[in-house]
Every structure is written in C-alpha cells, then in structure tokens.
Amino acid sequence: MWVRVMRFKKYIPNAIKEHFRLLKLQKKFHNCSINSYLLQDNVKLGQGVGIMRNVDIRDGVEIDDYSYVSPNTVIASGVVGKFTSIGYNCQVGMFEHPTNYVSTSPMTYSTRNLFGYEEIWNEVYSPPFIGNDVWIGSNAVILQGVKIGNGAIIAAGAVVTKDVEPFTIVGGVPANFIKKRFSDEKILQLTNLSWWDLSIEEIKKMEKIFKYKENWNFNNNL
C-alpha cells in the first residue's frame with residue numbers, strides 16, 4: 001500500500017504539491033501572513049510576521065514579531081528582530097565556501113563529498129544577527145558573521161561585510177557608514193525605550209512620537 005502511495009505522489013503536479021505545502025505552512029503559522037511555500041520545517045516565526053511570495057527561508061532561521069520579508073529574498077541563516085523590513089531580492093546569511101582548502105566545491109568537503117568522509121566545512125559557521133526596526137533595502141546582501149544594530153538602515157544594493165551600529169545608515173559595496181539617523185541623545189532615548197519590546201497596547205499609547213519626522217521629543221510626546 002505504501003509503495004502505491006509513493007508511486008502515486010510521483011504523478012502529482014508540482015503546482016499542487018506547492019499549494020498544499022503553502023496551506024500547511026499557513027496553518028502552522030496561523031498568526032502570520034504566509035505567501036511562500038519555500039519555508040523549511042525548522043523555521044521560527046513570531047506573531048504578525050509577513051512572508052511574501054517566493055521567499056526562501058532555510059532551517060534554523062528565526063524572525064520575530066511584526067517583521068516582513070519581501071518577494072524573492074533568501075534567508076539562509078540568521079536571527080531577525082521585531083518590526084524589521086527586508087526588501088526584494090535580498091540575500092541574508094548565505095552559505096559560504098571555504099577559501100583555504102584545495103577546492104571550493106561542496107563535492108569535496110560537504111556531507112555529500114566524493115570521498116565518503118564526514119563533513120569538514122560548515123557552510124553556516126556564523127549566522128548573522130539583525131536587530132529590531134531595521135530596514136534592509138532591495139538587493140542587499142548580508143554576510144554571515146555580521147551584527148546589524150537596532151534601527152539601522154541598509155541601503156539598496158549594499159553588501160554588508162561588517163557590523164552596523166544602531167540607528168546608522170550604511171550603503172555601498174562593501175557597505176560603509178553614511179550617517180547617523182538621529183543625534184546621540186535621541187539614539188540613547190530610543191535605545192533605553194526599546195519600544196519594539198513593548199506590547200501593542202503600550203505602543204499605541206505612544207502614538208504621538210510616531211507621527212513626527214524629526215522634532216519628536218519623548219519628554220513632550222509620551
């Protein structure tokens with residue numbers, strides 16, 4: 001009977017398989033908006049997370065509350081904080097190849113190597129960490145081993161090879177510091193407040209500070 005079922009599955013069109021995979025994921029993450037079937041089994045999502053079409057998320061990735069990932073982005077490894085926005089066609093924590101071995105081909109060092117020995121190189125050796133309220137522009141690349149601080153902005157097309165300080169804007173290839181988003185005083189205020197860790201009810205009570213562009217002041221607006 002089992003053999004018959006397996007044979008039958010071979011003839012099911014991929015589109016139908018993908019549809020049922022998507023339904024399964026939507027049921028699993030019922031408090032999120034899931035529009036891609038390309039999420040592996042050991043992915044962790046907080047509440048209110050948005051995953052758009054053709055987003056590919058690999059095992060071990062964690063995305064916290066109210067963050068979203070735009071179409072065609074791949075997150076191979078890493079942790080993403082709350083209220084973070086990831087643009088189109090980004091690559092985050094991608095698998096890396098060794099540079100000091102004879103070959104860079106996985107056929108010589110991975111679990112599927114030609115020689116039959118155990119894996120000698122871990123393609124995910126240092127998953128990146130992306131903080132809260134981060135904005136990552138389209139086509140950006142975030143390498144492994146990188147930490148992006150809260151409130152940072154990564155310009156479209158940037159390649160991030162080193163840590164990014166909180167509330168700073170970086171861009172370019174490789175990404176370099178452009179400017180701070182706010183004064184040091186306001187950055188300290190935001191860091192101490194850590195509004196992203198508050199409940200939705202508490203955040204709603206601070207509505208005024210989210211309405212102003214540059215002249216917001218916690219003392220006057222909270």
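Convert each backbone phi in segment 88-93 into a coupling constant with the Karplus relation 6.51 cos²θ - 1.76 cosθ + 1.60 (shift: θ = phi - 60°), then list the ³J(HN,Hα) values in order as whole Hz, x for Gly and Pro.
Rounded to whole hertz, the list is 6, 6, 7, 10, 10, x.
Cα-Cα over 26 Å: which of Lys82/Lys211; Lys44/Lys205; Lys179/Lys205; Lys24/Lys162; Lys24/Lys147?
Exceeds cut-off: Lys44/Lys205; Lys179/Lys205; Lys24/Lys162; Lys24/Lys147.
Between Asn122 and Thr191, 0.36 nm times their residue separation minus their Cα-Cα distance comes to what?
Stretched fully, the Asn122-Thr191 segment lengthens by 21.4 nm.
How much net charge surrounds Phe129 when only the other residues with a Cβ under 15 Å from the Cβ of Phe129 are counted, with Lys and Arg +1 and Asp and Glu -1?
Cβ neighbours under 15 Å give a net charge of -1.
Which order do Phe210, Phe83, Phe167 fall in if you start with the one that has the fewest other Cβ atoms within 10 Å?
Starting with the residue having the fewest Cβ neighbours, the order is Phe210, Phe83, Phe167.
Give the relative contact order (percent, whole number) for the chain; include only Cα pairs under 8 Å separated by 6+ residues.
So the answer I get is 10 percent.
Give the percent of DSSP beta bridges with both residues in the chain that are antiparallel, rounded to the nearest 5.
Of all bridge pairs located within the chain, approximately 10 percent are antiparallel.
Which entry in (i) 37, 25, 13; (ii) 48, 17, 14; (iii) 31, 19, 16 matches semi-axes √(5λ) of the Cα gyration tensor in Å derived from the coordinates of this structure?
Matching the structure shown: (i).
Through the Karplus equation 6.51 cos²θ - 1.76 cosθ + 1.60, θ set to phi - 60°, convert the phi angles of segment 75-83 into ³J(HN,Hα) values in whole Hz; use x for Gly and Pro.
Working through the residues one at a time gives 10, 7, 7, x, 10, 10, x, 8, 6 Hz.
Could you give each residue of segment 68-74 its phi-based ³J(HN,Hα) in whole Hz, using Karplus coefficients 6.51, -1.76, 1.60 with θ = phi - 60°, and x for Gly or Pro?
9, 10, 7, x, 6, 8, 10
What are the residues whose amide H is under 5 Å from the amide H of Asp64, where those residues sit 5 or more places off or on another chain and H is modelled from the backbone?
Those lying under 5 Å, H to H, from Asp64 are Gly46, Val80, Gly81.
For a quick check: sort Ser85, Ser183 by the number of other beta carbons within 10 angstrom, fewest at the front.
Lowest to highest Cβ neighbour count: Ser183, Ser85.
With 10 angstrom as the radius, rank Asp184, Asp163 by how many other C-beta atoms surround their C-beta, starting from the fewest.
The most exposed by this proxy come first: Asp184, Asp163.
A short reminder: the numbers here are calculations on the coordinates, not readings from a lab. Predicted model, so just to flag it, every value in this text is computed and none were measured. Glycine gets a Cβ as well: all are built from the backbone with ideal geometry, and neighbour counts include every protein chain shown.
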